[in-house]
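Shown next, in structure tokens, is the structure this report addresses.
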Amino acid sequence: MTELPEMTEGGEEPTSARVILTISAIGALAFMMLYSVLYPGHPFPGLGSVLPLFSELGDSVVWFFLMGIGLGVGMLVATLLGETIAD
Amino acid sequence: MDFKIIVLSYIIWLLAVRFLASRGLGPFSSFAKDFTGFLLGKGLGPANDLIEDRPGTGARTWYAHGILWFILAATLSFTSLWTAHEPYALHSLGAVGYSPTTEQATAAVHVAAAFGALSMLLIASGFASQAKLCGGRLASESNAALMAWAWSGVVFVGVIISHTDMIGGTNWFELPPVYYILFTVLGLPLFFNHLLTMSASDSPVLIPQWFFVMGFAALIWTGPATMALMTGESEILSWMLVKVLFGGWLLSQALGVAHHVVPSALGVPLWSRSLASVALFGTFLTFSPLGAAAEVGAVSDSLQAIVAILLTLSLLPIIATVANLATTAGGRMSESYGVKMTMLGVALLVPIGVGSLFTSVSAFGGGAEQSHIAATLDTLAIWGVCGAIALGGAHILFPSTTGRSLASVNKSRWTFFLLLFGVLGFGVGQLIADHVNAALGAEVVVAALEEAGVTPPDTAVAVQVFASIMFYAVAIAGVLSAQNMLSGAFRGTKLGDDTPTRGTSPRRHIVTGATTVRNLLSAGVGLDTEISMEGGSGSSGHISLADLSAPEADEESEEGEEGEEGEDDSGDSEEDGASGAVLEPSGGFSKMLKAELVSVAESAGLDSSGTKADIIARLNAA
């Protein structure tokens, strides 16, 4: 009778996208923790403070969120154009 | 306008539509069909030739517009929520002329969300569902597609008007009444398209189809009712229009989609026809609790009591729907993310419906004590209930309009979780903020705090920030859905050669040997298909699916096999054993543990000794 191993190791790995997403989330969390420790009581810098190009947008964090939606819509348009041309 | 006349006109109109749609117009039916078909096909003249009249075109166009409006409306909602706690966040946009007031931003959100995102996605799913149930195509696909462009244009105009001084102060119907009549005008050809499609099919009309048709009837009723509103401001009529918009239109379309996609995607029959009927009639014959922000001033006690009873009765169709669909889905919900999204919306109906009920009752002639949470409840009804069902329906039905599957299951998973956490996080956070703001804003509390010289902490603002960020997930869910649908339309796996839609179920289906209900359903068998057992078993004719094991048992007994156990499973294993074949699992034998392989080998009568490789080799050879 062959003895069964106590445990076995698989060869699967998580997808790169998931790894990058997790690291990004932890990185963002780390940044927020660090910022709140270094500058207690100060609001987070807005897009205009980080990138001088967008300085006219003001210091609101909402622009980071809107930029995310803008990127998503941009990817949609790019996909549409790419697929149409490929067709 | 008198409340009784308003309600009676609505009920009589709906009953008339129900009666005429089921009985027809007698000797005029044929003429009416031909004439309506002509109008749908040729009424728009050369414009109709701009779009091909191919199966799936209509629903696909509605989906394309609807999902784009979903992203835009969710973004507008997000910015409205954000500016509620940071009023000058978007101040810089004033440089390009965009500086809406709170009322203007809210009006834009209402138009874009209710008429743009949800109406268009739900109409798309309604058309896709109708086509699948009626032989694969609409009566006029090109007309449906053209109407999508027109509808989208009207919504766009509405969003523009929302940013002007033309908006009024009425809850929910902020735009000039004449604007809403346009939706009735556009709804007419869509309504007739549904009716013509149903009349061209021999299949019996099912509950989802009635939801779609009656929902359009309700939408069409809002046109004349709104014209009455133009003759003079009527608080009760405005209130009624909001209830019809939420219950008669949005909720009915959402429930129609849910009643179709859950059983259809899971391959199981809808659990209860009676509960579905309760949901159908209850949705239209009661006042929906959704649309809680609509208020009516002082009314008589008797009227207040009647409305309170009709509002409370609206919980019946809600509970019937939840019970019916939850039982239908059972433990198989995990098989489809589209079903999960749909069931999320259905499940949220209960808490949001109950919350909206109390708010609506107090808002109709009462003191509107719950008015501070009304806007949040309406937002949850829009995005949590109708939005989730609309996205779920799109995930399940959109592939049938393109003939290709969605691009990525991973994106569907992300969409579901973003929607789930976005809606729940927003709901919890915003309701907390609403209650804190209402408590701290009470006159007595403000006076007491001023007297004591105490400044309350801005805890509510922090919670509002959390709620806004959570709602952002809903907007991203829309973006992911759009990407999934767009990529799927180009590169998704082809569903089959006879795509984009499956035809009606065959009239007759022949079964040889053992089979399962799943196999029958995947072969396209419908409830009314006549199932015949090959081999003269004597069971030919119309039999129930549950009796399918009997012929197999008969065959075995005819072959002289003794020790019949009469169970499907044992019958199958005997057959396998006799032939010596061992069925390989989907993952292959190599994925199985050795103990499992030993068990399989022993059950197949093979030698189970040796290494895994030895056993697998014997099983493969068997």
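The values are calculated or read from the model by the stated rules, or taken from the named source; none is laboratory data. Keep in mind that what you see is a predicted model, and the values were worked out from it rather than measured. For neighbour counting, all protein chains shown are included, and Cβ atoms are generated from backbone atoms with ideal geometry for every residue, glycine included. Please note that ligands, DNA and RNA were not included when accessible areas were found on the heavy atoms of the full protein model with its side chains. Shrake-Rupley method; radii C 1.70, N 1.55, O 1.52, S 1.80 Å.
Give the long-range amide H neighbours of B:Arg404: residues separated by 5 or more places, or on another chain, with amide H under 5 Å away, using H modelled in the peptide plane at 1.01 Å from N.
B:Leu495
Karplus couplings for segment B:364-374 from phi (6.51 cos²θ - 1.76 cosθ + 1.60, θ = phi - 60°), rounded to Hz, Gly and Pro as x?
Each residue's phi maps through the Karplus curve to give 8, x, x, x, 6, 5, 9, 5, 5, 9, 4 Hz.
Give me the angle, in degrees from 0 to 90, between the Cα long axis of helix A:62-86 and the longest principal axis of the Cα atoms of chain A, rounded to the nearest 10.
70
Taking every alpha carbon pair in the protein assembly as shown, what does the distance histogram look like in 20 angstrom bins from 0, in percent?
P(r) over the protein assembly as shown, rounded to whole percents: 15, 44, 29, 11, 1.
Can you pull out the GluC sites (Glu not before Pro) in chain A whose DSSP state is coil and whose Cβ has at most 14 other Cβ atoms within 10 Å?
Filter output for chain A: A:Glu3, A:Glu6, A:Glu9, A:Glu12.
Using the Karplus curve 6.51 cos²θ - 1.76 cosθ + 1.60 with θ = phi - 60°, what ³J(HN,Hα) values do you get for each residue of segment B:36-47, in whole Hz, with x for Gly and Pro?
Karplus values, whole Hz, x for Gly and Pro: 5, x, 5, 5, 5, x, 10, x, 8, x, x, 4.
Using the charge dipole of chain B (Lys, Arg: +1 at Cβ; Asp, Glu: -1 at Cβ; taken about the Cα centre), state which of B:Thr164, B:Ser608, B:Gly66 has its Cα farthest towards the positive end.
B:Thr164
Mind putting a number on the dipole of chain B about its Cα centre? Charges go on the C-beta only, +1 for Lys and Arg and -1 for Asp and Glu, and I need it in Debye to the nearest 20.
So the dipole magnitude of chain B works out to roughly 2300 debye.
How big is the accessible area of B:Met592 in square angstrom, nearest 10, if you roll a 1.4 angstrom probe over the protein chains?
The accessible area comes out at roughly 30 Å².
For chain B, what is the per residue volume of the convex hull drawn over the alpha-carbon atoms, in cubic angstrom?
214
How large is the helix-only mean residue ellipticity at 222 nm for chain B, computed as the sum of -39500 (n - 2.57) over DSSP H runs with n ≥ 4, divided by its residue count, in deg cm²/dmol to the nearest 500?
-21500 deg cm²/dmol
In whole percent, and with a 1.4 Å probe on the protein chains, what portion of the accessible area of segment B:55-183 is carbon and sulfur?
67
Any idea what angle helix B:337-363 forms with the longest principal axis of chain B, computed on alpha-carbon atoms, 0 to 90 degrees, nearest 10?
Here the helix axis deviates by roughly 30 degrees.
Counting other C-beta atoms within 10 Å, and keeping those with at most 16, which DSSP coil chymotrypsin sites (Phe, Trp or Tyr not before Pro) do you find in segment B:74-166?
Here the sparse-neighbourhood loop sites are B:Tyr88, B:Tyr98.
Considering the options B:Gly45, B:Phe417, A:Thr15, tell which one lies farthest towards the positive end of the dipole of the protein assembly as shown, charges being +1 on Lys and Arg and -1 on Asp and Glu at the Cβ, about the Cα centre.
B:Gly45
Distance in nm between label sites at B:Leu303 and B:Ala447, each 7 Å beyond Cα in the beta-carbon direction?
My value for the distance between the label points is 3.3 nm.
Over the Cα atoms of segment B:55-198, what Rg and Dmax result, in angstrom?
Reported Rg and Dmax, both Å: 17.0, 54.
For B:Asn48, what charge total do you get from the other residues with a beta carbon under 12 Å from its beta carbon, if Lys and Arg give +1 and Asp and Glu give -1?
The answer is -3.
What Kirkwood hydrodynamic radius do you get for segment B:318-469 when you take the inverse of the mean 1/r over all pairs of distinct Cα atoms, in Å?
By the Kirkwood definition, the hydrodynamic radius is 17.7 Å.
Under 5 Å between amide H atoms, partner at least 5 residues away or on a different chain: which partners does B:Phe364 have, H built in plane at 1.01 Å?
B:Val296
Using θ = phi - 60° and the Karplus relation 6.51 cos²θ - 1.76 cosθ + 1.60, list the HN-Hα couplings for segment B:66-74 in order, rounded to whole Hz, with x at every Gly or Pro.
For segment B:66-74, the Karplus-derived couplings read x, 6, 5, 5, 4, 5, 5, 5, 5 Hz, x marking Gly and Pro.
Based on the alpha-carbon gyration tensor of segment A:1-76 and its eigenvalue square roots a ≥ b ≥ c, which shape applies: rounded if a/c is under 1.5, prolate if not and a/b is larger than b/c, or oblate?
oblate
Based on the alpha-carbon gyration tensor of segment B:350-424 and its eigenvalue square roots a ≥ b ≥ c, which shape applies: rounded if a/c is under 1.5, prolate if not and a/b is larger than b/c, or oblate?
Prolate.
Using Cα-Cα distances under 8 Å and only pairs 6 or more residues apart, what relative contact order does chain B have, in percent?
So the answer I get is 13 percent.
Ballpark to the nearest 100 Å², how much total accessible area do A and B bury together, probe 1.4 Å?
Buried: approximately 2100 Å² between B and A.
With +1 on each Lys and Arg Cβ and -1 on each Asp and Glu Cβ, and nothing else charged, work out how big the dipole of the protein assembly as shown is about its Cα centre, in Debye to the nearest 20.
2700
Which cross-chain or sequence-distant (5 or more) residues have an amide H under 5 Å from the amide H of B:Ser532, H modelled 1.01 Å from N in plane?
Long-range HN contacts for B:Ser532: B:His509, B:Ile510, B:Val511.
Any idea what the relative contact order of segment B:107-194 is, in percent, if you count C-alpha pairs under 8 Å spaced at least 6 apart?
RCO, segment B:107-194: 42 percent.
How much net charge surrounds B:Ile373 when only other residues with a Cβ under 15 Å from its Cβ are counted (Lys, Arg +1; Asp, Glu -1)?
Surrounding charge for B:Ile373 is -4.
Could you work out how far helix B:594-603 tilts from the main Cα principal axis of chain B, as a 0 to 90 degree angle to the nearest 10?
Rounded to the nearest ten degrees, it is 50.
Roll a 1.4 Å probe over the protein chains and send me the accessible area per residue for segment B:309-401 in Å².
On a per-residue basis, segment B:309-401 sits at 28 Å².
Dipole size in debye (nearest 20) for chain A around its Cα centre, Lys and Arg Cβ +1, Asp and Glu Cβ -1?
Taking the Cα centre of chain A as origin, the dipole is about 540 debye.
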